[in-house]
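**Q** Quick one: structure below, then a few questions.
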Amino acid sequence: EQKEILPFSPKNLWMLFFQPKTFFSLPAIYHHRSIMIVAYLIGVFSVMDRVDQKLLQAEFGNRTSLMLDITDAWWSYWLFVLGLGTISAVIVWLIHGWWYKKRLQFSGAKDADPQLARHIWALQSLVAALPVMIVVILQTLMYRSYLDAYQNSSILNLVVIPFIFWSCWVSYRAATSVFNTNGWAKFWFLAFPITFYVLAMGLLTALMANA
């Protein structure tokens, strides 16, 4: 009987982040509870991203007093993101997992197993989500509140950007290692998401420059 892969063991976590081809060449039998934890962390990450979007809207005059109150103390910020993370995890598991399977099908893997596709999506998403969460934990120790950390962004915020793009490569390696894909995988798992992130960051930079 093949052993289940524990994503959070130091060796496997290292391979997931920095040796994705090796990690995803292992038999795709993942520890179920670990996958659920990964999905929850991605749900929390999604809420964190939503908070940042609301704060950005506030900078452009769309004041959201509730979000400003929530981010004005660490206890309320963490309570908010950890609490809503459960609901968010279910939503992203269903929607993003479905989209990952569709991209696999567009790439030739017509019979991709939906559950396995969601497992792979969750693992590759952790590469982008976990560094952000680590940065916010460090900011918790360094700043008075999340709002304070947001308004006084440091080099810590730049650390996570490479991981966002690196997660696209991990996603590509995962798709081509676990599933029988064709040449379209380069478009759907590399060109498409990288172009999206570049355009999104370019738009954000332009908006902030004109603020």
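The values are calculated or read from the model by the stated rules, or taken from the named source; none is laboratory data. Just so it is clear, the structure is predicted and the values come from calculations on it, not from any experiment. A quick note on method: Cβ atoms are made from the backbone with ideal geometry, for glycine too, and the neighbour counts reach across all protein chains shown. All accessible areas refer to the heavy atoms of the entire protein, side chains included, with ligands and DNA or RNA removed. Shrake-Rupley method; radii C 1.70, N 1.55, O 1.52, S 1.80 Å.
**Q** Restricting attention to segment 1-33, which residues are of a type outside the set (Phe, Trp, Tyr), assigned to a helix (DSSP H, G or I) and surrounded by 12 or more Cβ atoms within 10 Å (Cβ to Cβ)? Before you say what the answer is, go through the steps one by one.
**A** So the first thing to find is which residues in segment 1-33 are of a type outside the set (Phe, Trp, Tyr), and the list is 1-7, 9-13, 15-16, 19-22, 25-29, 31-33.
Now restrict to residues that are assigned to a helix (DSSP H, G or I): 10-13, 15-16, 20-22, 25, 32-33.
Result: Asn12, Leu13, Met15, Leu16, Pro20, Lys21, Thr22, Ser25.
**Q** Quick check: is even one residue across segment 51-74 part of a helix (DSSP H, G or I), at pLDDT 95 or above and open to solvent by 10 Å² or more (accessible area, probe 1.4 Å)?
**A** Yes: one or more hits.
**Q** I would also like to ask the following. Only one residue in Leu16, Leu94, Leu26 is more than 16 Å from the chain's Cα centre (by Cα) and either under 30 Å from Trp184 (Cα atoms) or at pLDDT 95 or above (or both). Which one? If you could, list the steps in order and put the result at the bottom.
**A** Working: Leu16 fails: more than 16 Å from the chain's Cα centre (by Cα); Leu94 fails: more than 16 Å from the chain's Cα centre (by Cα).
On inspection, the qualifying residue turns out to be Leu26.
**Q** Let me ask something additional. Restricting the search to segment 143-160, which residues are assigned to a helix (DSSP H, G or I) and free of Cβ contacts under 8 Å to residues at least 12 places away in the same chain?
**A** Step one: filter segment 143-160 for residues assigned to a helix (DSSP H, G or I), giving 146-151, 156-160.
Matches in segment 143-160: Asp148, Gln151, Leu158.
**Q** Another question, if that's okay. Going by the conditions given, is Ile42 of a type in the set (A, V, I, L, M, F, W, C), open to solvent by 80 Å² or more (accessible area, probe 1.4 Å) and within 21 Å of the chain's Cα centre (by Cα)? Talk me through it step by step, then tell me what you get.
**A** Numbers: of a type in the set (A, V, I, L, M, F, W, C): yes; open to solvent by 80 Å² or more (accessible area, probe 1.4 Å): no; within 21 Å of the chain's Cα centre (by Cα): yes.
So Ile42 fails the test.
**Q** Still on this structure, please answer the following. For Leu84, only one of the following conditions fails: (1) in contact (Cβ under 8 Å) with a residue 60 or more places away in the chain; (2) surrounded by 15 or more Cβ atoms within 10 Å (Cβ to Cβ). What is its number?
**A** Leu84 satisfies every listed condition except (1).
**Q** Among the residues of segment 122-142, count how many are under 13 Å from the mean Cα position of the chain (by Cα) and touching a residue at least 40 places away in the same chain (Cβ under 8 Å).
**A** If we filter segment 122-142 for residues that are under 13 Å from the mean Cα position of the chain (by Cα), which is where we start, we get 122-134.
Keeping just the survivors that are touching a residue at least 40 places away in the same chain (Cβ under 8 Å) gives 122-130, 132-133.
Matching residues across segment 122-142 total 11.
**Q** Being part of a loop (DSSP other than H, G, I, E, B), surrounded by fewer than 23 Cβ atoms within 10 Å (Cβ to Cβ) and of a type outside the set (Lys, Arg) is the filter here, so list the residues in segment 107-128 that pass it.
**A** In the first step, residues of segment 107-128 are kept if they are part of a loop (DSSP other than H, G, I, E, B); the result is 107-113.
Remaining after also requiring surrounded by fewer than 23 Cβ atoms within 10 Å (Cβ to Cβ): 108-113.
Once the filter is applied, which keeps residues that are part of a loop (DSSP other than H, G, I, E, B), surrounded by fewer than 23 Cβ atoms within 10 Å (Cβ to Cβ) and of a type outside the set (Lys, Arg), segment 107-128 yields Gly108, Ala109, Asp111, Ala112, Asp113.
**Q** Looking at segment 11-63, which of its residues are without any contact (Cβ under 8 Å) to a residue 40 or more places away in the chain and in contact with a Pro (Cβ under 8 Å, 6 or more places away or on another chain)?
**A** Passing the criteria: Leu13, His31, Ser34.
**Q** Run Leu104 past the list (1) in contact with a helix residue (DSSP H, G or I) (Cβ under 9 Å, 6 or more places away or on another chain); (2) in a helix (DSSP H, G or I); (3) farther than 16 Å from Asp49 by Cα; (4) open to solvent by 20 Å² or more (accessible area, probe 1.4 Å) and report the number of the one that doesn't hold.
**A** That leaves (4) as the condition not met.
**Q** Shifting gears a bit: For segment 80-96, give me the residue count where each residue is over 20 Å from His119 (Cβ atoms) and in contact with a Ser or Thr (Cβ under 6 Å, 6 or more places away or on another chain).
**A** Selection size over segment 80-96: 0.
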